[in-house]
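Below is one structure, written out as structure tokens, with a few remarks after it.
The values are calculated or read from the model by the stated rules, or taken from the named source; none is laboratory data. Because the structure is predicted, anything quoted here is derived from the model rather than measured. Here Cβ is always computed from backbone atoms with ideal geometry, including for glycine, and neighbour counts include all displayed protein chains.
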Amino acid sequence: MTNAFTKVTAIRGMNDALPGQSARWEQLESLVRDWLRAYGYRNMRTPILEHTRLFTRGIGEVTDIVEKEMYSFTDSLNSESLTMRPEFTAGIVRSCIENNLLYDRAQRVYAVGPVFRHERPQRGRYRQFHQIDVEALGMAGPDIDAEMIVMVARLWKLLGITDVRLELNSLGQANERAAHRAALINHLERHGDVLDDEAKRRMYTNPLRVLDTKNPAMQEMADAAPRLFDYLGEESRAHFDAVCARLDDAGIAYRLNPRMVRGLDYYNLTVFEWITDKLGAQATVCGGGRYDGLFELLGGKPAAAVGFAIGMERLIDLWEQYAPALIVPECDVYIVHQGEDAHRRSAMIAESLRDAGVSVVVHAGGGSFKSQFKRADASAASIAVILAGDELAAGSASVKMLRVADSSAQANQQMQVPLDNLVAFLKDRI
Ligand code: ATP
Ligand code: MG
């Protein structure tokens, strides 16, 4: 009888990070932790699943995410409507309200992890992807908007990334958006012939979002639309100018993009994106802005807030164009052995090496010396230790340096090292 089972594959748009790739991810994550610490940000971890209404409310009903990108389902056990987080901000704000985190202090927090959006998978656009999400909560001034942008610029520098440019806009305050809205709707009505279905549907509910279109047929109409920026009052302009002045201080170049509205409903004042030409169509690596209304919208006390998110897949794709591939060894020392006694001794020696902070793989699965050495080589370990035969009986091991800069005779030579001295000997050489 055959046991036919149709192979199960990963879900479309959801990727594995294989061992060869995850070194890059780990390197990024550790660098990101240090980078955020340098600005006093602390890690926060919120659930992947939240109540659907958190996002419909927090992100906005008439947005791409809520209209068509959320993984939502009804929990069959209790009929609750749940959603896999499509972004971090709403969950973080929910948690801050629930745990009263802003009670006596402002908070600088960040989260790193997977988010989910049902989009058409392509380079730089996946259904499960990862974000580095950074939020400054309880601080209203332009200083903090600028600090966040400067800190992103520092990340590019740390990663050696040069081809990214900064675009800025201000979405003003609600009353300014309301004043602009009437003029914008009027403009859209006058250009009804070029509007696509989505635009027609959104023009009365969320006209600003119509300008965010990627439809080439609507570009000219969008370019000619009344600019929200021209409707900003004195305070909003002063906030924007103060952000720009601080970017000037830091020597960071930017371009005002009056059409930038960002994908989510909750933004006000400063919004920004970092864009590159090196990733094809998915050009935005980092996006963020101020969202002073969200705490109240989600039932909390009013609190100022600003944040940004970086797409990690896009960042890694970009970073790889600047930084050569990493070869991260599986271990420092690879032990090959012959015979039952040697195999058992290997396991014990490996434990003492690990006590001393050395990473060790003991060959498993048998095989000739030749095949064991092949594995040792493939592991990229810097040292092979050989335990076998008379030598072991006489209380010593052979040590072979596998990765030495010059391939001189000395490099390939095998050295006899007494077992008593082995740990100290190896520790000095890795
Ligand atoms: P886009 O305009 O590309 O759809 P967005 O405005 O929806 O981006 P945000 O919600 O601001 O993106 O998310 C922050 C960052 O997350 C983006 O700048 C991008 O780097 C990344 N990102 C967004 N959607 C995806 C996705 N589907 N796959 C991979 N990365 C993504
Ligand atoms: Mg999107």
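Quick notes on this one:
- Neighbours by Cβ (under 7 Å, 6+ apart or cross-chain): first from the range 325-344, exposed (fewer than 14 other Cβ atoms within 10 Å of the Cβ); second at pLDDT below 95 and among the hydrophobic types (A, V, I, L, M, F, W, C): L326/A23; I327/A380; V328/A23; G339/A388
- If you check Q122, Q131 for being buried (at least 19 other Cβ atoms within 10 Å of the Cβ), modelled with pLDDT of 90 or more and within 16 Å of ligand 2 (Cβ to nearest atom), only one passes: Q131.
- Flag if S352 is farther than 23 Å from N421 by Cβ, polar (S, T, N, Q) and touching a residue at least 40 places away in the same chain (Cβ under 8 Å): no
- Members of the range 239-260 that are within 16 Å of ligand 1 (Cβ to nearest atom) and either buried (at least 21 other Cβ atoms within 10 Å of the Cβ) or not assigned by TED's automatic domain parsing to the domain that holds D163 (or both): M260
- Some residue of the range 3-19 being within 25 Å of A305 (Cβ to Cβ) and either of a type in the set (F, W, Y) or in a strand (DSSP E or B) (or both): no
- Scanning the range 239-255 for residues that are in a strand (DSSP E or B) and either at pLDDT 95 or above or touching a Cys at 6+ places or on another chain (Cβ under 6 Å) (or both) turns up at least one hit.
- Subset of the range 1-44 that is among the basic types (K, R) and surrounded by 13 or more Cβ atoms within 10 Å (Cβ to Cβ) - its residue that is farthest from P324 (Cα to Cα): R33
- Filtered residue count, the range 277-317, keeping only those that are within 10 Å of ligand 1 (Cβ to nearest atom), assigned to a loop (DSSP other than H, G, I, E, B) and buried (at least 22 other Cβ atoms within 10 Å of the Cβ): 0
- Entry remark, the range 180-213: residues being without any contact (Cβ under 8 Å) to a residue 24 or more places away in the chain and not in a helix (DSSP H, G or I) number 4 in total.
- Filtered by the rule that a residue be in contact with a Lys or Arg (Cβ under 6 Å, 6 or more places away or on another chain) and buried (at least 18 other Cβ atoms within 10 Å of the Cβ), the range 364-386 gives a lone residue, A384.
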